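Input: a single structure, listed below in structure tokens.
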Amino acid sequence: MENLLVWFLLILSANSFGLIAWASDDGILLDSELSSLSLELLESAREPEFFDWLRRVRGRIHEFPELAFEEYQTSQFIRSELDALGIEYRWPVAKTGLVGSIGSGSQPCFALRADMDALPIQVMETS
């Protein structure tokens, strides 16, 4: 559950995804391995504890939208969540960014690049 929370935190912090890469000893991850991982993630996501956490994180990230290189509150929130989970990270990267790492470093490896800045747009709500 803890690793799933970390990955969703990293994914949720993004407005767009730049790179997703899978690697294993022979260079690719087999479809059966991806299917097994996908099923495990989906099953974990159905847990009420995870759903509540995800809703809280999403709400907090969207509550204070920040433009590029001004994501001070978002960066602090993500660092707090990573600290609570005992996840190591490097900060600052390019002013407000961070790089978190989990796992042993051995293959298979997963890399995710995400942006956490907001776009300068006005949202109009209709009732």
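A short reminder: the numbers here are calculations on the coordinates, not readings from a lab. Treat the numbers as computed from the prediction; the structure is a model and nothing was measured. Note that we place each Cβ from the backbone using ideal geometry, even for glycine, and neighbour counts take in every protein chain shown.
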Query raised in the report: Taking amide hydrogens as modeled 1.01 Å from N in the peptide plane, which residues meet the under 5 Å criterion relative to ASP115, leaving out close sequence neighbours?
Result: ASN15, SER16, GLY18
**Report entry** Volume per residue that the Cα convex hull of segment 71-127 spans, once the total is divided by residue count, Å³
**Finding:** 145 Å³
Query raised in the report: If you take the square roots of the eigenvalues of the alpha-carbon gyration tensor of segment 35-116 and sort them as a ≥ b ≥ c, do you get rounded (a/c under 1.5), prolate (a/b over b/c) or oblate?
Result: oblate
Query - segment 45-127: GluC sites (Glu not before Pro) in DSSP coil with no more than 15 other Cβ atoms inside 10 Å - result: GLU70, GLU125
Report task. Compute the relative contact order of segment 61-127 as a whole-number percentage, counting only Cα pairs closer than 8 Å that sit 6 or more residues apart in sequence. Result -> 34 percent
